[in-house]
Amino acid sequence: MAINIVTSTKSLSVPEGGNASFTVRLASRPSRTTTVSVTRASGDSDIRVASGASLSFTRDNWYRTKTVTLSAAADSDKVAGQAVFSLSGSGLNRTSVTAKEVEKITTPAALKLSVTTLQVPEGGTANFTVVLSAAPAANVTVNVARASGDSSLSVAQGASRTFTQTNWMTPQTVTLAAANDADSTAGQAVFTASASGYASASLTASEVESALGAIVPSSATLDVPEGGHATFTVRLGQAPSAGVTVAVARTSGDADLNVTAGASLTFTTANWNTPQTVTLAATADADALAGQSVFTLSAAGFAPVNVTAKEVEPGATSGRVVIDPVTRIEGHLRFELEVSGGKVAKAWSSVTLYRGIEQILAGRSPLDAPIMTQRLCGVCTYIHAHCSARAIEDAVNLAIPDNARIVRNLILGAQFLHDHPVHFYQLHGLDWVDISKALTAAPAEAVLAARILAPNAPAIDYAAVQTRLKALVDSGNLGPFGNSPFGHSAMRLTPEENLIVVAHYLEALKLQVKAAKMMAILGGKNPHPQSTVVGGVTCGGELNATRLNAFKAYLDEVKAFVADVYLPGVRLVAGRYPEWAELGGFDNFLAYGEFPETATEPAGLFLPRGIILGRDLSRVLPVDTARITEDVTRGWYAAGPALNPTVGKTQPVWSSHDVDQHYSWSKAPRYDAQAMEVGPLARVLVAYAAGQRDIKAEVDDFLESTGLTADHLFSTLGRTAARAIETKAIGEAMSRWITTLEQNLSSGKRQIFSSYSIPQTGTGEALNEAPRGALGHWINIGSSKIGNYQMVVPSTWNFGPRDASGVAGPVEQALIGVPVADPQNPVEILRVIHSFDPCVACGVHLIEKETGRETHVKVI
Amino acid sequence: MPPRTSRLFDPEARGISRRAFLKYCGAVAVALGMEASMAGSIARALTSAKPQVVWLNFSECTGCSESLLRSEGPNVESIIFDVLNLNYHETIMAAAGARATELLEATAAQYAGQFICVVEGSIPTAQNGVFGTIGGKTMLSIAQSIIPKAKYVISFGTCSSYGGLAAAAPNPTGAKGVSAVLGLSNIINIPGCPPNPFNLVSTLANYLVAGQMPALDSKGRPTFAYGQTVHAQCTKPYGCLEGYNCKGKTTYGNCPTQKFNGESWCVQVEHQCIGCTEPNFWDANAPFYNTMWASMFATYRKDAQAHPLNNAAFCTPCHGSSTYSSRKQQYGSTFATRMHSEHEMTSRLNTNVGCANCHTAPGGTKIEIDD
């Protein structure tokens, strides 16, 4: 029976002048080695098979996918060609793949207006937005002016708008006004936006005649502090023929809100254009709810207009916010914050789970430590097994073979390539994205926007994604998106951008499955791979061409996602949320460095080891682990001095949760008594300052494309960007490492394990980098058993509590000064917390300063 | 009650061919001991009924959630959107703080007796549970208030099934599995460190198709997945590892047939099974590396040679470098027989224990000793 040929797709797009690939395998085992031939059967001869025209499948590898790459010649035509490629072979059912040439989109630098026509009510205004299609080389000023037509139409605001390299993607508003004129004909005018170096854009504005004119409030919404008052003004849009009385009254909502002045406003033919003031007051009430009311402005002969007033609780600007559980993290974590004047004044970080692994390890065989400590974390999986094995190898003074070192680097690299994209989309993404807005996006516009934002990303059917989202919403059960703070004011992506990132969120979920396969190939499974043991690695039999090629195929796919989707996504966030390049930063950084490319550490580390103090990028200090201590003053541990991990103690003593006394299961690690941030930003800053070439190039590229400077890296955004930057650099390095491994193997160098015996006594130390930051294991061997085992993990560095001197932990300090617009939805706090990628679980509630009551805060 | 039916899952729109999906469902059917023709029913069940689910994370490492994320067949994106109404899962949910807790409590109240509760991690019980709190409540009290309201409880992973690592001696936090704390009869244990997501999806498929729990063994595990020992199903890709303290003979699970991540499993990377699906394995099976492990491994793996392959190297780790030549001379033509005898191989030959000291594969026929 003929065998089917399985292709990864039936159709694909090939960019003009570029390549696109699909994969091929057989559906079942052939009776002998079988060749699949790929030929163009019909269509545009510009599209050719670049590689993989002939694919050989054996009885052993028939299920492994092989890649066919098509190329499209750069041609002068503007026609998108199409060709059908036939896949055939002896004993195989013929199949075909349709390739479509995609014309290269050369977007000329142009100004883009949100509309091409605009109606402006007579005596009123209307808005449109203008944005650049491409990043400017320097600041660009856009001028908007009437080019022709009715002079009663004019630019009221925004005649001149400046775009920077940072905000060029953010549309800016221009307001047109239509004067009250005597005529009753609706005039028209053409307005043109122009800027040097950009193609101009125009729109036609039409004056809409008003029969009655309008009641014009200064604002449609108003915040009224509880126990206080707030004002807005009212005028008429055009001169009335006689006096008009406008009544202002509450028509619905919270009775705590009332008009205290300006309930009746009289406008004459003379003063119709002079604003008159309305005062609203909010009664101090006992409830903790922020009330809301609608006030209606009405007058005979005029359409009524509504103003929505919102009562703002005093706690909104001062008070305690407690978050418990903090979600979209690993583990159990709680945050308590004191908010003053709308900004965080103090923060307390509490780790709320203790498992006692260090106690469990004592007295066991040292060889069991890697496999047990690995279970410290299933998210940063592998790294503890790796670090533990290295600590014991240090105690035994054992050098492992090169191949073992490379295999371990590849397994750990796979961990980074899995973990960081998942963090950006699944854990951090909803801090920047409002899914509800994606529902209102125009899918066709999203396609266009995606071409600019992520030109190399694979095409996505945005309409299908939107339909799927709508179906989820229509089902009435939002699943994991339940209780999202839809419509939060801090969310600034356009509907189309929201849709794009949601689509990428789904793509990332699919991609991470493949990233995990890399680890499984060399580690046996993910999470918790099992091939790293004290002495080397066990997976010698899997170090063959078939398995390594499979590894490389997954690696290439993940690398493409990082470069074409993940990094552009981070740039989008950077462009839309530029203020986060100045918020949530910290000063001191510690990186142990990672990925030894030679047997010598730290000299051979791909990501260098070092310390940066006080944001000083001109100096990278060496790391001396003797200066590390762990303070337990504010944790739930037996009191004692701050100790170096080589002599550390882990003796839990529970008392009550009290931020003024003891409030965390985390110890407080310090370096020379200083709190240190660890993680991607620490690694990238140390590498950048040390001049590590791969990282420096990626950082400079990122800064240039976003218009940011190196100073902006000390921020929430810098942390999030550093994560993406190092993912790309590590992915590139992995391709090099695997080539070295292949060369070693083919030259007969196959050793993966070194013999040893466990001594009666010994001490060992290992320094590594988990995706979340610097990780150290310290082992003390006595009677050939584990005597003392101490681990200082990234999240204790970042999320640890205050110490004996009152010095707060890095996240506790980074949160200070962060604004909180709506304490009921402290999105801003979560942005900072998530940017550190915590590996512990927590939650948020609010304690009001005045009443001491604790209320639960709604957090996305 | 929101509509229970959803046709969101259209595999082809996701780039998963209908055939591939049906094939997966066929594998589920076979695993569950159903006729292969049930694949269609399973496919329908996985794509239409959406049970209400809450997922509780207690004393854990989140590795079980990560394992679910790696699901293929229906991948996690489909599971989240199309297969389940996953109303509470701290690792992925948008809501945080009280807004999150509210979803947990609302689901438990509104769907009492109907929802499925998946538990990850053990429950710290010492000192009334102070070692683990969420939202100011102990995990113990959350378990006691939420879990008994569920129609079925799935303990996903060894920690929630039997206590796992936190419960290893001396168990500082009094960690226990869900059964041990609550003693309910509707608990399905899907142990493993991590557990295989295929076994969770198959258990859900069984529930959605048949409306009931799968058949369980004496340790509360579905027999479709945990009915045979690892050893009985093992293809021994690089030889049997029993001599390396492999626990495949006393460990029940389908690792050799389902593998992990569609790629591999522990024995395929030549690491012995540590017995992670069995209660108390962290204590009962430790130490995981027997005394000779380090030297045995070096000699067993020809590719892993620590030293140039010469015969003396086999004896050196245990006896010193001069032993080989002296014994070789002393025993002459009876060398191999005497070696077997001195190392008690005669009684062990059937189990391969110890062969790996001298042979390229444990029990393998290729002899590297030049006798």
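Derivation of every value follows stated rules applied to the coordinates shown; laboratory data play no part. This one's a predicted model, so the numbers in the text were calculated from it and none came from an experiment. FYI the Cβ positions are ideal-geometry reconstructions off the backbone, even for glycines, and counts take in every protein chain you see.
Structure values in brief
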quantity	calculated
Inter-part distance where segment B:138-153 and segment A:606-661 are each reduced to a Cα centre, Å	37
5 angstrom amide H check on A:Val14, placed H, neighbours 5+ away	A:Lys100, A:Glu101, A:Val102
Volume per residue that the Cα convex hull of segment B:228-288 spans, once the total is divided by residue count, Å³	77
Per-pair calculated FRET efficiency, R0 = 56 Å: A:Ala145 and A:Ser8 via Cβ, rounded to 0.05	0.60
Calculated P(r) of segment B:127-180 - Cα pairs past 15 Å, %	51
Cα pair distances of segment A:1-134 binned at 5 Å [whole percent]	2, 10, 17, 15, 11, 9, 7, 6, 5, 5, 4, 4, 3, 2, 1, 0, 0
Residue order, fewest to most surrounding Cβ atoms within 10 angstrom, among A:Lys112, A:Lys749, B:Lys50	A:Lys749, A:Lys112, B:Lys50
Sparse-neighbourhood loop sites, trypsin sites (Lys or Arg not before Pro) in segment A:578-651 - DSSP loop, at most 13 other Cβ within 10 angstrom	A:Arg619
5 angstrom amide H check on A:Gly809, placed H, neighbours 5+ away	A:Arg802
Electrostatic dipole magnitude of segment B:228-288 [Cβ: Lys, Arg +1; Asp, Glu -1; Cα centre; debye, to 20]	140
Distance between segment A:84-147 and segment B:223-247 - C-alpha centres, whole angstrom	58
Chain A, relative contact order [Cα under 8 Å, separation at least 6], %	13
Relative contact order for segment B:12-226, counting Cα pairs under 8 Å that sit 6 or more residues apart, in percent	20
In degrees, nearest ten, helix A:545-561 long axis to first principal axis of chain A (Cα)	20
Rounded to whole Å, sorted largest first: equivalent-ellipsoid semi-axes of segment B:12-226, Cα gyration tensor	29, 19, 15
Tail fraction, Cα-Cα pairs, the protein assembly as shown, threshold 57 Å, whole percent	21
Selection from A:Thr716, A:Ala450, A:Gln530 lying farthest towards where the dipole of the protein assembly as shown points positive, charges on Cβ	A:Gln530
Sparse-neighbourhood loop sites, trypsin sites (Lys or Arg not before Pro) in segment A:459-516 - DSSP loop, at most 12 other Cβ within 10 angstrom	none
Label-point separation in nm, A:Ser56 to A:Thr296, each point 7 Å along Cα→Cβ	8.3
Neighbour-count order for A:Trp348, A:Trp272, A:Trp654, fewest beta carbons within 10 angstrom listed first	A:Trp654, A:Trp272, A:Trp348
Rounded to 10°, Cα long-axis angle of helix A:443-453 versus longest principal axis of chain A	60
In order through segment A:462-472: 3J(HN,Hα) via Karplus (6.51 cos²θ - 1.76 cosθ + 1.60), integer Hz, x for Gly, Pro	5, 4, 5, 4, 5, 4, 5, 4, 4, 4, 5
Per-residue Cβ neighbour rank within 10 angstrom, fewest leading, A:Thr98, A:Thr650	A:Thr98, A:Thr650
Using alpha-carbon coordinates, inclination of helix A:402-422 to the longest axis of chain A, degrees	20
Only Lys, Arg (+1) and Asp, Glu (-1) charged, at Cβ; the protein assembly as shown dipole about Cα centre in debye	3840
Positive-end residue, segment A:121-273 charge dipole about Cα centroid, Cβ charges, pick of A:Val216, A:Leu176, A:Val140	A:Val140
Magnitude of the charge dipole, segment A:421-506, Cβ model with Lys/Arg +1 and Asp/Glu -1, debye to 20	20
Furthest towards positive pole of dipole, B:His271, B:Asn285, B:Asn254, structure part segment B:228-288, Cβ charges	B:Asn254
